[in-house]
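First comes the structure, then the notes that go with it.
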Amino acid sequence: DPIFISGRFRSGTTILWHLLRMSGAVRAFYEPFHDNLIDHIDAETKASPSHQGVSEYFQEYADIKHQLTFFHKPEFGVSQLCLGPKDSYPELSKYLNFLIESAKDSIPVFKFVRADFRLPWLRSNYPTAKIISIRRNPRDNWLSMVSKQPQERWGDPGLNTGYDLLIWSANIDRFFPEVNQSVSSYQRSYYLWRISCAVADIYSDYIIDFDEQLINWTVLSSRCDFSFLFGNSQV
């Protein structure tokens, strides 16, 4: 059964993905919904310095790269970001099923920052999957997103930050129009964080706190027990 890791941008999803990847028991796919996934694989995009211990992201796609182009669609990363349990998205199902099958004898792990408003759909279509949501303090989350922007723009409600705040807002406008009435970048980010938490509370099997749990796991990675996810495997 697959394991889905979900969270907002800059919430720590890469840390958990990396820890599980090191276990050797999984095939851990990085950001399969990214709209530019194929380009990143072709370019062998280097890991960000902020992702300590990670040397590369896309090794798991290497042997399926040519087939991937038949299943992956750029719109997976920018449209239909909100999906209910009864919504139909056959292209997305075919794509995920292809990746799950390509894991073969390994446990497929998926690391997403574009799935937190799709959790109802994932739960409905993959009822036996384990869904893990990662949660970070909303202020720290926002600061991590805006820190590379000019400080005088931090309060701008139209600041996209490079982390698609405006794309997310447009996608959920029909459900939560107040997000697009935000008076600051932080308020927009906070609204999205609150809604994400509300969805995760309903549809996740496990909710992991970035500060209280995930950072400690990183420090104690040699003794990190993931038996709650699969068998007796440890990282």
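The values are calculated or read from the model by the stated rules, or taken from the named source; none is laboratory data. In this text the structure is predicted, and so the values were computed from the model without any measurement. Ideal geometry is used to build each Cβ from the backbone, glycine not excepted, and the neighbour counts take in all protein chains shown. Side chains included, ligands, DNA and RNA excluded: accessible areas come from the protein's heavy atoms. Shrake-Rupley method; radii C 1.70, N 1.55, O 1.52, S 1.80 Å.
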Query raised in the report: Somewhere in the stretch 84-92, is a residue in a helix (DSSP H, G or I) and open to solvent by 10 Å² or more (accessible area, probe 1.4 Å)?
Result: yes
Query raised in the report: Can you tell me which of H34, H66, H40 is closer than 21 Å to W121 by Cα and surrounded by fewer than 22 Cβ atoms within 10 Å (Cβ to Cβ)?
Result: H34
Query raised in the report: Of L96, L143, L68, which residue is part of a helix (DSSP H, G or I) and touching a strand residue (DSSP E or B) at 6+ places or on another chain (Cβ under 9 Å)?
Result: L96
Report task. Tally the residues that are open to solvent by 70 Å² or more (accessible area, probe 1.4 Å) and within 23 Å of Y126 (Cα to Cα), restricting the search to the stretch 168-205. Result -> 3
**Report entry** Residues of the stretch 206-215 satisfying the condition of being crowded, with 19+ Cβ neighbours inside 10 Å and part of a helix (DSSP H, G or I)
**Finding:** F210, L214
Requested in this report: Considering only the stretch 144-165, state which residues are under 17 Å from the mean Cα position of the chain (by Cα) and of a type in the set (A, V, I, L, M).
Outcome: M145, L165
Report task. Go through (1) in contact (Cβ under 8 Å) with a residue 24 or more places away in the chain; (2) in a helix (DSSP H, G or I); (3) within 20 Å of the chain's Cα centre (by Cα) one by one and return the number of the condition Q187 breaks. Result -> (3)
**Report entry** Candidate set from the stretch 152-182 (those that are hydroxyl-bearing (S, T, Y) and touching a Phe, Trp or Tyr at 6+ places or on another chain (Cβ under 7 Å)); member that is modelled with the lowest pLDDT
**Finding:** Y163
Report summary line: Checked the stretch 5-27 for anything of a type outside the set (S, T, Y), under 16 Å from S133 (Cα atoms) and in a strand (DSSP E or B); matches are I5, G7
